[in-house]
Amino acid sequence: MARARAMAEAGYNTFLLRSEDVYIDLLTDSGTSAMSDRQWAGLMLGDEAYAGSRNFYHLVEAIQTYYGYKHVVPTHQGRGAEHLISQAMIKPGDFIPGNMYFTTTRLHQELAGGTFVDVIIDEAHDSTNLHPFKGDIDLDKLQALIDKVGPEHIPYVSVAGTVNMAGGQPISMGNIKAVYELAHRYGIRVYLDATRMMENALFIQEREEGYADKSIAEILKEFCSYTDGAWMSAKKDNLVNIGGWLATNDEDVFEKARNMVVIYEGLHTYGGMSGRDMEALAIGITEAVQDDYVRARVGQVRYLGELLVDWGIPIVQPIGGHAIFLDAKRFYPHIPQDEFPAQTLAADIYIDSGVRTMERGVVSAGRDPETGAHRHPKLELVRITIPRRVYTQAHMDVVAESVKAVWDKRESARGLKMVYEPKYLRFFQARFERL
Ligand code: PLI
């Protein structure tokens with residue numbers, strides 16, 4: 001069968017498939033969304049001056065208007081911004097608490113000499129717990145870290161909206177406010193991974209008292225007001241295929257990041273993007289805060305998730321903002337974590353139907369830099385990620401039916417062994433063979 005052959009040739013890693021061999025591509029919502037007619041029109045207004053492009057000023061204005069930060073440094077995508085913020089703020093030996101790790105974020109923190117410390121609430125590590133804000137930070141864990149290492153060794157709290165590795169789970173307004181107060185009491189800053197903040201804002205509107213009548217734009221701006229700055233992969237919530245930015249209210253961080261961007265990304269008025277990219281991004285920000293759009297986007301994710309729940313298929317609940325996460329430990333309980341159940345499940349879904357998904361478990365977690373051992377995250381997940389404004393409900397039906405077909409023959413599944421492992425972010429390029 002052609003798909004079984006393609007999967008074997010790709011080393012059972014969905015990142016190594018050719019997109020031409022994919023039927024419905026739910027690998028990621030990063031850079032895969034459809035730009036609007038207005039954004040495409042914006043591409044025609046590119047001012048490709050090396051310095052001081054008018055599109056840069058449009059971008060700064062959009063970020064100031066909707067996120068409320070003072071200064072902006074453009075970057076080519078999110079990890080470019082993570083590099084700058086990590087290098088600008090972290091000293092060797094520092095600790096960076098955050099609400100669950102993200103792959104590229106943690107790696108940049110480690111490369112700068114820091115150690116990431118997970119201070120998310122315990123409920124986030126349990127795929128069946130129905131806590132409405134599983135992205136919340138546990139204030140006791142944060143306090144305990146401050147007491148243990150001292151505030152002078154914590155450059156910032158690394159807060160993510162719609163926590164990716166927890167299953168797209170939101171953080172509440174009450175929690176970010178409390179985190180900001182606690183951190184600032186000790187002179188520690190709070191920086192936000194704003195990658196999926198629009199979806200987070202919708203959950204606040206739906207679930208948190210006092211926000212039902214506030215717009216997504218109002219909620220976003222209030223949330224950002226409890227942080228000192230943010231980094232952004234604009235390829236998600238900002239509805240562009242490429243782009244990113246760093247924004248801050250701190251003069252010292254701005255000065256360092258603006259100086260470093262010219263070494264690693266490009267001049268401080270384009271940072272790796274062309275003028276037309278920045279125009280499409282500025283327009284994308286204005287579209288991304290529209291309540292109807294965010295409701296439809298998260299509604300589509302929920303539609304898929306509810307189908308799977310109805311059929312008794314184990315997923316992370318509550319259903320998150322950008323993706324459905326299959327719980328591979330409950331899906332394939334007979335495959336031990338060192339035989340990569342989530343990697344196996346993503347490969348099996350592709351072989352069944354040509355639907356591409358991604359592993360978010362032991363492969364993504366990588367190795368402990370100190371001991372070299374595999375990290376064993378409690379959550380061993382397959383992410384079925386929905387790009388924005390691309391697929392229809394009928395596509396979701398096909399995806400659900402394929403997951404059901406794999407579920408029905410789950411007992412015959414066999415795990416994988418890793419035969420090639422790159423040093424950094426191994427999930428992108430690792431290769432496997434069927435056991
Ligand atoms: O892929 P980048 O470099 O534009 O952004 C990195 C990045 C930072 N933070 C978060 C929460 C992300 O989800 C993220 C990238 N995520 C990818 C590629 C994904 O598939 O989820």
So residue 306 ticks every box in (1) in a helix (DSSP H, G or I); (2) buried (at least 18 other Cβ atoms within 10 Å of the Cβ) but one. Which box is left unticked? (2)
Take the conditions within 25 Å of residue 146 (Cβ to Cβ), at pLDDT 95 or above and not aliphatic (A, V, I, L, M) and apply them to residue 80. Does it pass? no
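Is it the case that residue 168 is among the small types (Gly, Ala, Ser) and either away from the ligand (no atom under 16 Å from the Cβ) or more than 27 Å from residue 364 (Cβ to Cβ) (or both)? I'd like the intermediate steps shown before the answer.
Values: among the small types (Gly, Ala, Ser): yes; either away from the ligand (no atom under 16 Å from the Cβ) or more than 27 Å from residue 364 (Cβ to Cβ) (or both): no.
Against the criterion (among the small types (Gly, Ala, Ser) and either away from the ligand (no atom under 16 Å from the Cβ) or more than 27 Å from residue 364 (Cβ to Cβ) (or both)), residue 168 does not qualify.
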Step by step: first the residues of region 89-107, then only those that are away from the ligand (no atom under 11 Å from the Cβ), on the phi < 0 side of the Ramachandran plot and assigned to a loop (DSSP other than H, G, I, E, B), then the one that is surrounded by the most Cβ atoms within 10 Å (Cβ to Cβ). Which residue is that? 90
Considering only residues that are away from the ligand (no atom under 11 Å from the Cβ) and either assigned to a strand (DSSP E or B) or basic (Lys, Arg) (or both), look in region 149-158 and name the one that is farthest from residue 138 (Cα to Cα). 156
Return only the number of the condition from (1) crowded, with 16+ Cβ neighbours inside 10 Å; (2) more than 16 Å from the ligand (Cβ to nearest atom) that residue 52 does not satisfy. (1)
Here are 43, 17: which of them is aliphatic (A, V, I, L, M) and either within 16 Å of the ligand (Cβ to nearest atom) or crowded, with 21+ Cβ neighbours inside 10 Å (or both)? 17
Among (1) charged (D, E, K, R); (2) in a loop (DSSP other than H, G, I, E, B); (3) within 16 Å of the ligand (Cβ to nearest atom), where does residue 110 come up short? (2)
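Tell me which strands (runs of 3 or more DSSP E) are completely within region 334-435 and hold 2 or more residues being under 23 Å from residue 29 (Cβ atoms) and modelled with pLDDT of 95 or more, or say none if there are none.
Result: 358-360, 381-385.
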Mind listing just one residue for me: the one in region 20-40 that is surrounded by 14 or more Cβ atoms within 10 Å (Cβ to Cβ) and among the charged types (D, E, K, R) and, of those, farthest from the ligand (Cβ to nearest atom)? 21
Could you tell me whether residue 372 is in contact with a Ser or Thr (Cβ under 6 Å, 6 or more places away or on another chain) and not aliphatic (A, V, I, L, M)? no
Candidate set from region 113-143 (those that are of a type in the set (A, V, I, L, M) and under 12 Å from residue 158 (Cβ atoms)); member that is farthest from the ligand (Cβ to nearest atom): 142
Matching residues, region 63-88, being buried (at least 21 other Cβ atoms within 10 Å of the Cβ), part of a helix (DSSP H, G or I) and of a type outside the set (Val, Ile, Thr): 78, 80, 81, 82, 83, 84, 86, 88
Apart from one, (1) under 26 Å from the mean Cα position of the chain (by Cα); (2) under 20 Å from residue 358 (Cα atoms); (3) not aliphatic (A, V, I, L, M) all hold for residue 39; the odd one out is (2)
Would you check which residues across region 317-333 are over 21 Å from residue 16 (Cβ atoms), assigned to a helix (DSSP H, G or I) and either within 23 Å of the chain's Cα centre (by Cα) or within 16 Å of the ligand (Cβ to nearest atom) (or both) and list them? 329
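The values are calculated or read from the model by the stated rules, or taken from the named source; none is laboratory data. As the structure is a computational prediction, the values presented were derived from the model and not from experiment. Every residue, glycine among them, receives a Cβ derived from its backbone with ideal geometry; neighbour counts consider all protein chains shown.
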